[in-house]
Amino acid sequence: SEISFKLAWNSIILDFPEHRLEWILNLASSKKYKLFLLSNTNDLHIEQVIKNMGAIRYTKFQTCFDQFYLSQKIKLRKPDLEIYDYVLTQNKLQPQETLFIDDTVLNTMGASSLGIHTWHLKPGEEDITQLFKLKSEMF
């Protein structure tokens, strides 16, 4: 049924902890980096993310990014190379000056093949808030 599909689909979306939101808000406010979100997502995902985070927290999160790319909207998907090229071209980014972070190895492999620096983040072992400690050689 549609309801059980929706519940199963949305069960993969985890809570977004406050420390992670604070970290991304601080990073965005520093204005040191351009920030882009690139997600293979759809309206069901976004609806559940907003529900989990709350509308105010979600809006704060979304406004941290220079651009918010959702695969359903741009009709491209990770790990297809076209999606990375699209983001690079749209924003006049140089691959060697770009860091792509993803928790799926195929996605980071795709970006890496275009010369983009990558971090295959392992949830439960690593957290995005460790970026500058774990990946300092990239900066």
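Numerical summary
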{"read-out": "Subset of segment 81-113 (residues that are surrounded by fewer than 14 Cβ atoms within 10 Å (Cβ to Cβ) and part of a loop (DSSP other than H, G, I, E, B))", "value": "Asn91, Lys92, Gln94, Thr104, Ser113"}
{"read-out": "Odd one out for Phe65, checked against (1) in contact (Cβ under 8 Å) with a residue 60 or more places away in the chain; (2) in a loop (DSSP other than H, G, I, E, B)", "value": "(1)"}
{"read-out": "Qualifying residue in segment 46-59 (condition: modelled with pLDDT of 90 or more and surrounded by 14 or more Cβ atoms within 10 Å (Cβ to Cβ))", "value": "yes"}
{"read-out": "Any hit, segment 70-80, residues being surrounded by 15 or more Cβ atoms within 10 Å (Cβ to Cβ) and in a strand (DSSP E or B)", "value": "yes"}
{"read-out": "So Thr118, is it under 22 Å from Ser30 (Cα atoms), of a type outside the set (D, E, K, R), assigned to a helix (DSSP H, G or I) and in contact with a Phe, Trp or Tyr (Cβ under 7 Å, 6 or more places away or on another chain)", "value": "no"}
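The values are calculated or read from the model by the stated rules, or taken from the named source; none is laboratory data. Computed from a predicted model, the values in this text were never measured in an experiment. Every residue, glycine as well, gets a Cβ built from its backbone with ideal geometry; the counts of neighbours run over all protein chains shown.
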